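Q: Dropping the structure in here first, questions after.
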Amino acid sequence: MRGPAFAATVARVVHTVKKHPWILAAVAILALLAIHTAIGVAPVPPVSLGMNMALFFTNLFVFYTAATVLRRRSPRSVFLFVLGYTVLLVLVLAVLNKPPLFILLVIAYAGFFGTPVLLGFFAVFVICFVILQPFAFETFIPLSLIYGVFWLTRAKASLFVRLCLCFGLLALTVVLFPLIHLGMQDSLQTLWRTFTRGDVASAIWLSLLTSTVATAVLALWAVPLAYALARVDFPGKRWALAIVDVPILVPQSVAGVALIVLLGPGSVLGSALESLGLPISGSLFGIIIAQVFVAAPFLVKTAMTAFESVPLHYELASRSLGATPAATFARISLPLASRGILVGATLAWARAVSEFGCLVLFASSPVTAPVLVHTEFLRAGASESRPIAILLLVICLWVFVMLQFGQTLMPFALRGSRGDRRA
């Protein structure tokens, strides 16, 4: 009989509380008052009297907000609210012993709980600025973007696909985190002061100039080669495609030694060019040759993929109307593949501007930006080389942004499906 009697008593209490909600509020206020009174009269109070009062009124606000937000919510929501409050209490107040931070966070938590998307960003904020505090800004931006992607794709993909996407983006963030952390190390004033140094500005402008010239020289033969590889089958084509990838596979120090042996001061060809007033090793021409060598695969392979995406019947229609093969290439294939060629040219330019291993052996002067970073690191350590490295990183990111913006402006960029590839 005790069981039914106890259940009936609980039911009467629940009915009374629902009928008179002020009873629950009074009980909660008295419980909070008792807890904070016990804290205040303890032999060694963990917080001061003023902070104890601030915590008391904060908990009152949290209780009032919870009663408002959780009204007509399921017991699961109540449990999750209490769990989140407990985590903040243990993490910030018990472990870190930061009552002011706990007050700010718990007030924000109570206000955001009714809006799931804001609650998610709040959780990311707590993880970054409380748990990962030394790397707060570096982690908050990418984690917020990943959570935003997860939230925005909730109606477009299954939970499994969204988890795969976010896990991959999180792993990519870990891979790129050294660069993100590097970009947060110096102020704009420090970067500008570094850029105005004569040697730094000269090295950066030299890198931009030589990489641009190298990309232009590369485009003169890489784009026609990519078109031919995309349209023609011939014996040994697989070997030709493999040879295109050789500059990626060969260590850059090996490439530097190879260029020295072929074009260096003591070589037959290098001595002949020097006698004609065209020294290669340690000159502007040497820098461009080294950059063309390392950047070639990026433009050839990307442009080849772009030409393969152009349907063959467009070219056949042009030829049937009397256009020559060269005119068809210039007026049909090249404009339709312009998006991919732009991507390949940008990748080649970025690879050229960042080249170091081959240049430091074959053409270490005049000094380019990557070589200057290495020289400054050997001379004065990371403190002197870091701003130059950040400037070079900013330039590469700027090119990446312009690439994404430039693709949308290509008037003939192809968005359709793939067609037949070979003539």
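Bear in mind that the values in this text are calculations on the coordinates, not laboratory data. In this text the structure is predicted, and so the values were computed from the model without any measurement. Using ideal geometry, Cβ is built from the backbone for each residue, glycine included, and neighbour counts are taken over all protein chains shown.
Q: Working out 0.36 nm times the residue gap between Arg379 and Arg154, then minus their Cα-Cα distance, what length gain in nm do you get to one decimal?
A: Gain in length upon complete extension: 75.8 nm.
Q: Okay, moving on. Taking the Cα-to-Cβ direction at Val250 and at Arg238 and moving 7 Å from each Cα, how far apart do the two end points lie in nm?
A: Reported label-point gap for Val250 and Arg238 is 2.3 nm.
Q: Here is a further query. Modelling each spin label as a point 7 Å along the Cα-to-Cβ direction, I'd like the Ser74/Thr324 distance in nm, to one decimal.
A: That separation, rounded to one decimal, is 7.4 nm.
Q: I've got another one for you. Is there a quick way to get the dipole size of the chain? I mean about its Cα centre, with the Cβ of Lys and Arg at +1 and of Asp and Glu at -1; what is the value in debye to the nearest 20?
A: It comes to approximately 2140 debye.
Q: Are there trypsin sites (Lys or Arg not before Pro) in the range 111-170 that DSSP marks as loop and that have at most 16 other Cβ atoms within 10 Å, and which are they?
A: Those satisfying the criteria are Arg154, Lys156.
Q: Also: Among Phe362, Phe137, which comes first, second and so on when ranked by fewest other beta-carbon atoms within 10 Å?
A: Phe137, Phe362
Q: Please report the spacing between the Cα centers of the range 333-350 and the range 102-142 in Å, no decimals.
A: 41
Q: Efficiency by 1/(1 + (r/R0)^6): what FRET value for Tyr314 and Leu182, r their Cβ-Cβ distance, R0 = 45 Å, to the nearest 0.05?
A: Step by step, r from the Cβ atoms, then E = 0.50.
Q: Additional query: For Met402, Met51, what ranking results if the residue with the fewest other Cβ atoms within 10 Å of its Cβ goes first?
A: Fewest to most other Cβ atoms nearby, the residues stand as Met402, Met51.
Q: Hey, fewest Cβ within 10 Å first, where do His374, His313, His181 land in order?
A: Exposure proxy ranking, most exposed first: His313, His181, His374.
Q: OK, next. When the label point is put 7 Å from the Cα of Gln133 along its Cα-to-beta-carbon vector, which residues of the range 73-99 have a backbone N closer than 18 Å?
A: 87-99
Q: Let me ask something else. Using a Förster distance of 30 Å, how high is the FRET efficiency between Val95 and Leu145, based on the Cβ-Cβ distance and rounded to 0.05?
A: Efficiency, rounded to the nearest 0.05: 0.60.
Q: Determine the relative contact order of the range 191-407: mean sequence separation of Cα pairs under 8 Å and six or more apart, normalised by residue count, in whole percent.
A: Normalised by residue count, the contact order of the range 191-407 is 31 percent.
Q: Which order do peptides 263-269, 347-353, 36-42 fall in by mean Cβ count within 10 Å, highest first?
A: The peptides rank, most packed first, as 347-353, 263-269, 36-42.
Q: Of Ala42, Leu316, Gly277, whose Cα points farthest to the positive end of the dipole of the chain (charges on the beta-carbon: +1 Lys, Arg; -1 Asp, Glu; origin at the Cα centre)?
A: Ala42
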